[in-house]
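To keep things clear, I will list the structure first and then write my remarks on it.
Throughout, read-outs are computed from the coordinates displayed, never taken from laboratory work. Remember, predicted model here, so these are calculated numbers, not experimental data. Every residue, glycine as well, gets a Cβ built from its backbone with ideal geometry; the counts of neighbours run over all protein chains shown.
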Amino acid sequence: MSTMSKFKKLAGFSAFAFAAMTAANSVNAANWRYAHEEYEGDVQDVFAYDFKEYIEDNSDHTLQIYRFGELGESDDIMEQTQAGILNFVNQSPGFTGSLIPEAQIFFIPYLMPTDMDTVIKFFRESEAINEDFPELYAQNGLELLQMYPEGEMVVTVDEPVSKPEDFNNKKIRVMTNPLLSETYSAFGATPTPLPWGEVYGALQTNMIQGQENPIFWIESGGLYEVSPNLVFTSHGWFTTA
Ligand code: 6CS
């Protein structure tokens, strides 16, 4: 075979290989489904859209994001992820605590530092976050990609609270995490575990007299309208995964 015809054969093969690789890439390109627990512009939503941009800029895959309520409550999106219906889920250990009991540790009051820089350093560098929790999530079929804080917990109540006794006889909503219930019992309140979707209505109808959440969520969910007294207890941070 002459050098020229060898070259033509090689060129033809390369063109075929390139076309085949391109076809294979588009066959492998997936539309991944990602659900989180919050509304447009909230912390988990900003995180999800940054993640989407990263994935779409660096691969052939696309990411479809579902916000709170589109696929149900926090427990529903976790179940859908474990069943393989969703590829990614952003769920707070406030709900994951019943699936992974160790995740409740974030809700031991006064355990976490209160200063923002120390909190960020803890999430970036701690052995618990980077080594222990990935193993615990893996035992439940989940690959842990990131844990991060969303803000200091603030309690909202129907009446001003300035001492622990003021919590007596108040039903305070907590996420469905047994340790959080214990915390509010220790504070002297009556803990009431509820999924997020029931909180506003329960406050409005006085079925509960308070709840806890970071400031951005008190604003985003309009909680201040039905639970107007903010109590800065410095007892913990809202953590998510
Ligand atoms: O209190 C809750 O249930 C909700 N709080 C925040 C800050 N994010 C999502 C979660 O469902």
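Structural remarks
- You can think of it this way: the chain between T190 and E102 has 29.3 nm of extra reach, that is 0.36 nm per residue less the Cα-Cα gap.
- Sequence of S234, S92 once ranked by neighbouring C-beta atoms within 10 Å, starting from the fewest: S234, S92
- Neighbour counting of Cβ atoms within 10 Å sorts the residues T62, T190, T176, fewest neighbours leading, into T62, T190, T176.
- Fraction of the pair-distance distribution of the stretch 123-241 above 21 Å, Cα-Cα pairs, percent: 42 percent
- Taking a sphere under 14 Å around the Cβ of N229 and counting the other residues whose Cβ falls inside, with K and R at +1 and D and E at -1, yields a net charge of -3.
- The P(r) of the stretch 69-136 has a tail past 17 Å containing 54 percent of all C-alpha pairs.
- Per-bin percent of Cα-Cα distances, the chain [10 Å]: 7, 27, 30, 17, 7, 5, 4, 2, 1, 0
- Which of I218, I120 has the fewest Cβ neighbours within 10 Å, and the rest in rising order: I120, I218
- Summed residue charge, Cβ within 14 Å of P193's Cβ, Lys/Arg positive, Asp/Glu negative: -3
- Rg and Dmax, both from the Cα atoms of the stretch 42-82 and both in Å, are 11.6, 31.
- Estimated from helical segments only, the mean residue ellipticity of the chain at 222 nm is -11500 deg cm²/dmol, where each DSSP H run of four or more residues counts as -39500 (n - 2.57).
- Contact order for the chain, expressed relative to its length and based on alpha carbon pairs under 8 Å spaced 6+ residues apart, stands at 22 percent.
- Net charge dipole size for the stretch 55-111 [Lys, Arg +1 and Asp, Glu -1 on Cβ; Debye, nearest 20]: 200 debye
- Residue range of the chain that is longest and free of chymotrypsin sites (Phe, Trp or Tyr not before Pro) which are both DSSP loop and sparsely packed (at most 14 other C-beta within 10 Å): 111-231
- If you take the Cα centroid of the stretch 23-95 and the Cα centroid of the stretch 148-218, the two points sit 28 Å apart.
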